[in-house]
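Chemist: Quick one: the structure is below, and I'll ask about it shortly.
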Amino acid sequence: CDAFDSLPSGFVLFYRELRIVDLYPAAGRLLRVARDHVLGLSIEEVPQLARFCEAVLQTLATGQTFTHLEGTVKIGTAERCFGFNAAPLMGTVHLGGALVYFQDITAKKKVELHLRQTERLASVGMVAAGVTNEISTPLNVALGHTEMLLRAATDPERVARHVVKIQESLRQASEFTSKLTRMVRQPESDAQPTDLTQALTEAVQLIDRKLKLRSQQIELAFEAVAA
């Protein structure tokens with residue numbers, strides 16, 4: 001039994017003119033092609049192999065090995081994601097040929113996508129909690145002073161103090177929403193200079209209160225850069 005037969009990776013050998021020399025069993029199973037039907041054909045004549053054509057050409061042209069490549073291949077009615085490598089064949093029989101070996105990494109990519117989405121949702125949740133705190137706190141303060149304002153209706157000085165506190169709280173909430181709006185606004189079509197110091201400072205302010213509740217903090221240190 002050929003050692004290649006038991007491997008999960010698919011192996012395909014090509015002559016320099018891009019014709020298929022051999023296709024090992026795992027490759028046939030992964031690509032759903034019959035070995036006898038593709039031997040001697042050009043890589044471009046087998047749709048499932050066309051995705052590897054550029055890597056094979058580069059290998060043949062340079063004699064170098066190309067690794068950690070990825071691409072989607074249509075198998076039947078579904079698209080599968082493959083990780084693949086292309087290497088030169090330097091043996092006496094297939095001198096100047098190329099070897100492509102690949103694996104189906106569709107499940108792995110789905111897991112990675114799920115993890116990225118989970119991390120993104122966690123980040124969004126953290127920011128949302130910070131936004132809620134930053135807006136609700138001054139609004140609650142304003143609401144409290146409004147209630148005290150009603151009870152102090154006959155005392156002009158107390159009324160004035162409560163009005164000032166209400167204005168300060170609403171101004172704080174308004175400034176925060178303005179910062180948030182600037183951060184999420186779609187960029188203009190033309191690139192514009194950006195103050196990274198201000199952008200990073202405002203980003204940290206969005207989650208600062210949430211971090212403090214967890215006894216955590218982010219310290220920013222900026223260094224001047226010579227023009």
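The values are calculated or read from the model by the stated rules, or taken from the named source; none is laboratory data. This structure is a prediction, so every number in the text was calculated from the model and none was measured. So basically every Cβ, Gly included, is an ideal-geometry build from the backbone, and we count neighbours across all protein chains shown. The protein model used for the area step is the full one, side chains on, heavy atoms only, and it has no ligands, DNA or RNA in it. Shrake-Rupley method; radii C 1.70, N 1.55, O 1.52, S 1.80 Å.
Chemist: So for region 133-140 (the condition being of a type outside the set (S, T, N, Q), open to solvent by 20 Å² or more (accessible area, probe 1.4 Å) and in contact with a Phe, Trp or Tyr (Cβ under 7 Å, 6 or more places away or on another chain)), does at least one residue qualify?
Modeler: Checked region 133-140: at least one residue is of a type outside the set (S, T, N, Q), open to solvent by 20 Å² or more (accessible area, probe 1.4 Å) and in contact with a Phe, Trp or Tyr (Cβ under 7 Å, 6 or more places away or on another chain).
Chemist: Right, next: Based on what the data block shows, is Arg32 modelled with pLDDT of 85 or more and under 16 Å from Asp104 (Cα atoms)?
Modeler: yes
Chemist: Let me ask another. Mind checking whether some residue in region 66-85 is open to solvent by 20 Å² or more (accessible area, probe 1.4 Å), farther than 25 Å from Thr106 by Cβ and out of contact with any Phe, Trp or Tyr (no Cβ under 8 Å at 6 or more places or on another chain)?
Modeler: no
Chemist: Among the residues of region 117-128, are any more than 30 Å from Thr181 (Cα to Cα) and in a helix (DSSP H, G or I)?
Modeler: no
Chemist: Among the helices (runs of 4 or more DSSP H) contained in region 5-89, which hold 3 or more residues that are under 33 Å from the mean Cα position of the chain (by Cα) and not hydroxyl-bearing (Ser, Thr, Tyr)?
Modeler: Qualifying helices (runs of 4 or more DSSP H): 25-31, 53-62.
Chemist: When you scan region 20-38, how many residues do you find that are touching a strand residue (DSSP E or B) at 6+ places or on another chain (Cβ under 6 Å), open to solvent by 40 Å² or more (accessible area, probe 1.4 Å) and without any contact (Cβ under 8 Å) to a residue 24 or more places away in the chain?
Modeler: The qualifying residues number 1.
Chemist: If you don't mind, there's one more thing I want to ask. Any residue in region 106-128 that is more than 23 Å from Arg80 (Cα to Cα) sitting within a Cβ distance under 7 Å of a residue that is among the charged types (D, E, K, R)? List the pairs, counting only those 6 or more apart or interchain.
Modeler: Hits for this filter: Met126/Lys210.
Chemist: Looking only at region 86-119, filter to residues that are open to solvent by 50 Å² or more (accessible area, probe 1.4 Å) and under 14 Å from Thr59 (Cβ atoms); which one of those is modelled with the highest pLDDT?
Modeler: So, considering only residues that are open to solvent by 50 Å² or more (accessible area, probe 1.4 Å) and under 14 Å from Thr59 (Cβ atoms), the one modelled with the highest pLDDT is Tyr101.
Chemist: Quick one: in region 47-65, of everything that is β-branched (Val, Ile, Thr) and surrounded by fewer than 18 Cβ atoms within 10 Å (Cβ to Cβ), which residue is farthest from Leu113 (Cα to Cα)?
Modeler: Thr62
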